[in-house]
Amino acid sequence: MIDQDPIYCDQCGASLTQKIPAGEDRIRGVCTACDLVHYRNPRVVVGTLIEHDEKILLCKRAIEPAYGAWTPPAGFLELGESSVEGAVRETWEEAKANVEIIQPFVSIDLPRIGQIHVKYLARMKEPHFEPGPESLEVEWFHWNEIPWDHLAFPVTHWALRLRQADREQNQDRFHRGTLKWKDKGSPLDFNSYDLSDLQSYPLKMD
Ligand SMILES: [Zn+2]
């Protein structure tokens, strides 16, 4: 679900009402006292795919949603940081791994929940990692042993499938696509999404 609408004004603290502001085309929260219009926009989630010796680093989540499920390190971009900085920071927080970014890998839109996920390929600067406070475990998984039935989110599933396909075809590509819910089936199930707008671009690795 899209995050709950705010109910109080950012500017004066009075209650908001939901209405279409003059000259606009959709419902927004409008302050009943000062008329400030509260715009809500998608949030950006940034993360890394860290590979080494045919393996990828995954974290077992210690928080909801998807407690106990596996995912590469990722989290919400903070104000004031670049997406690369955010991906490096989230990787440190969740896996205590100090990484450098190699290249962008995927940008996936999730309009149903108002998110854009950007993931980078990365490598460790030093071999150390351990679970951060939001992870139960951090482990290397061989690409033949990805826990497909225990991944945290459909977006995780898709990103890993795309990377696995690139590896099998011995190529590096950048992908962009939309996880478009089919309006039926569980929104937690990867198979409930139409992925037909995927675009993949070869990248030259130097
Ligand atoms: Zn106000």
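The values are calculated or read from the model by the stated rules, or taken from the named source; none is laboratory data. Just so it is clear, the model here is predicted, and its values are computed rather than measured. Counting neighbours? That spans all protein chains shown, and the Cβs are built from the backbone with ideal geometry, glycine included.
Here are the numbers for this structure:
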| quantity | calculated |
| --- | --- |
| Failed criterion for residue 128 (all others in (1) surrounded by 12 or more Cβ atoms within 10 Å (Cβ to Cβ); (2) more than 14 Å from the chain's Cα centre (by Cα); (3) closer than 21 Å to residue 98 by Cβ hold) | (1) |
| Residue count for region 17-27, restricted to those that are assigned to a strand (DSSP E or B) and away from the ligand (no atom under 13 Å from the Cβ) | 2 |
| Residue under evaluation residue 151, criteria (1) under 19 Å from residue 53 (Cβ atoms); (2) at pLDDT 95 or above, criterion not met | (1) |
| Condition check for residue 186: among the hydroxyl-bearing types (Ser, Thr, Tyr) and assigned to a loop (DSSP other than H, G, I, E, B) | yes |
| Test: residue in region 38-56 that is touching a Cys at 6+ places or on another chain (Cβ under 8 Å) and within 16 Å of the ligand (Cβ to nearest atom) | yes |
| Tabulated pairs, region 1-24, first of a type in the set (Gly, Ala, Ser) and at pLDDT 95 or above, second outside any strand (DSSP E or B) and within 11 Å of the ligand (Cβ to nearest atom), C-beta under 9 angstrom, 6+ apart or interchain | 13/33; 14/32; 14/33; 14/34; 15/9; 15/32; 15/33 |
| Residue under evaluation residue 17, criteria (1) among the hydroxyl-bearing types (Ser, Thr, Tyr); (2) loosely packed, with under 13 Cβ neighbours inside 10 Å; (3) under 27 Å from residue 196 (Cβ atoms), criterion not met | (3) |
| Odd one out for residue 84, checked against (1) assigned to a strand (DSSP E or B); (2) more than 16 Å from the ligand (Cβ to nearest atom) | (1) |
| Region 162-206 - residue that is more than 22 Å from residue 152 (Cα to Cα) and of a type in the set (A, V, I, L, M) and, of those, surrounded by the most Cβ atoms within 10 Å (Cβ to Cβ) | 203 |
| Any hit, region 2-14, residues being part of a strand (DSSP E or B) and outside the structural domain of residue 105 (by TED's automatic domain parsing) | yes |
| Tally, over region 69-90, of residues that are β-branched (Val, Ile, Thr) and in contact with a Cys (Cβ under 9 Å, 6 or more places away or on another chain) | 1 |
| Members of region 4-30 that are under 18 Å from residue 42 (Cβ atoms) and touching a Gly at 6+ places or on another chain (Cβ under 8 Å) | 5, 6 |
| Residues that are modelled with pLDDT of 90 or more, part of a loop (DSSP other than H, G, I, E, B) and touching a strand residue (DSSP E or B) at 6+ places or on another chain (Cβ under 6 Å), drawn from region 196-206 | 197, 198 |
| Unique match (being under 22 Å from residue 147 (Cα atoms), part of a loop (DSSP other than H, G, I, E, B) and touching a strand residue (DSSP E or B) at 6+ places or on another chain (Cβ under 8 Å)) among 97, 66 | 97 |
| Filtered residues of region 147-183 (kept if in contact with a Pro (Cβ under 8 Å, 6 or more places away or on another chain), among the polar types (S, T, N, Q) and outside any helix (DSSP H, G or I)) | 171, 178 |
| Single match in 145, 137 (criterion: acidic (Asp, Glu), at pLDDT 95 or above, over 23 Å from residue 84 (Cβ atoms) and surrounded by 13 or more Cβ atoms within 10 Å (Cβ to Cβ)) | 137 |
